[in-house]
1. Looking at segment 34-65, which of its residues are free of Cβ contacts under 8 Å to residues at least 60 places away in the same chain, surrounded by 15 or more Cβ atoms within 10 Å (Cβ to Cβ) and among the polar types (S, T, N, Q)?
2. How many residues, within segment 106-135, are assigned to a helix (DSSP H, G or I) and either within 19 Å of Q62 (Cβ to Cβ) or of a type in the set (S, T, N, Q) (or both)?
3. Which of (1) modelled with pLDDT of 95 or more; (2) farther than 14 Å from R75 by Cα; (3) out of contact with any Lys or Arg (no Cβ under 7 Å at 6 or more places or on another chain); (4) of a type outside the set (A, V, I, L, M) does T17 not meet, given it meets every other one?
4. I'm told D68 meets every condition in (1) at pLDDT below 95; (2) charged (D, E, K, R); (3) touching a strand residue (DSSP E or B) at 6+ places or on another chain (Cβ under 8 Å) except one. Can you identify the failing condition by its number?
5. Of everything in segment 140-153, what is more than 16 Å from I46 (Cβ to Cβ) and either modelled with pLDDT under 95 or buried (at least 18 other Cβ atoms within 10 Å of the Cβ) (or both)? Give them in sequence order.
6. With respect to R96, is the statement that it is in a loop (DSSP other than H, G, I, E, B) and either surrounded by fewer than 19 Cβ atoms within 10 Å (Cβ to Cβ) or not polar (S, T, N, Q) (or both) true?
7. Looking at segment 117-143, which of its residues are under 16 Å from the mean Cα position of the chain (by Cα) and without any contact (Cβ under 8 Å) to a residue 24 or more places away in the chain?
Amino acid sequence: MLHCGPMLLLLVFLLQTGATPPSGEDGFSIAEKLQLKGKSKIDDRIKIYEAASNRHHKSIGQAVDRKDFGQIPARLRFWASALSDARADIIQNVERKKKSNALIKFEIQLRKSITDIRDARIKAPVEDQDHYDQWITHAEEVRKQLVAILFPN
C-alpha cells in the first residue's frame, strides 16, 4: 500500500477538487514548494517563480475587479516574500555568461505586474496605499537586479 504524507494528501485533494492550493507566508503554494524541491536546474526553478508571481498577480487583479481590497495587503506581503526568495536563489545560482530565457520571461512578467499594481493602487482605499507602495518599491528592486544579471555592465 502507498503511504502518503499529510501535505501530499492535501495537495492531491485540492488538485482533484479544482481548488487553488493556499499560499504560505513565504508566498508559495504547497505544489510550488514541492516542485521547487524537485528541481535542480535554476531555469526550472525560475519558471516556478514566474508561475507563482503570475498566480499572485492574477489573484490580486481578481480581488481588485471584485473591489475586495481586504485581503490584498496580506497577498502583497506574501508575493514580496516569494520575490525575495526567488531573487536570492537566482542571484546565487544563475549562470551569468549566458542569458536565461526563463529569467527574461520572469523579468517581463514582473514588469507587467508592477504596472498593473500601480494601476490597482489608484483604486485601493487610501489606508492601504502604503502596502502597494512598499510592494512596488520591493518589486522594482528585484526587477532591477534581474535586469542587472541579464545585462551586466
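The values are calculated or read from the model by the stated rules, or taken from the named source; none is laboratory data. What you see is a predicted model, and the numbers here were worked out from it, not measured in a lab. With ideal geometry, Cβ positions are generated from the backbone for all residues, glycine too; neighbour counts draw on all protein chains shown.
1. Listed by number, the residues that qualify are Q35, N54, S59.
2. Matching residues across segment 106-135 total 20.
3. (1)
4. Failing condition for D68: (3).
5. Selection gives F151, P152, N153.
6. The answer is yes for R96.
7. I136, T137, E141, listed by residue number.
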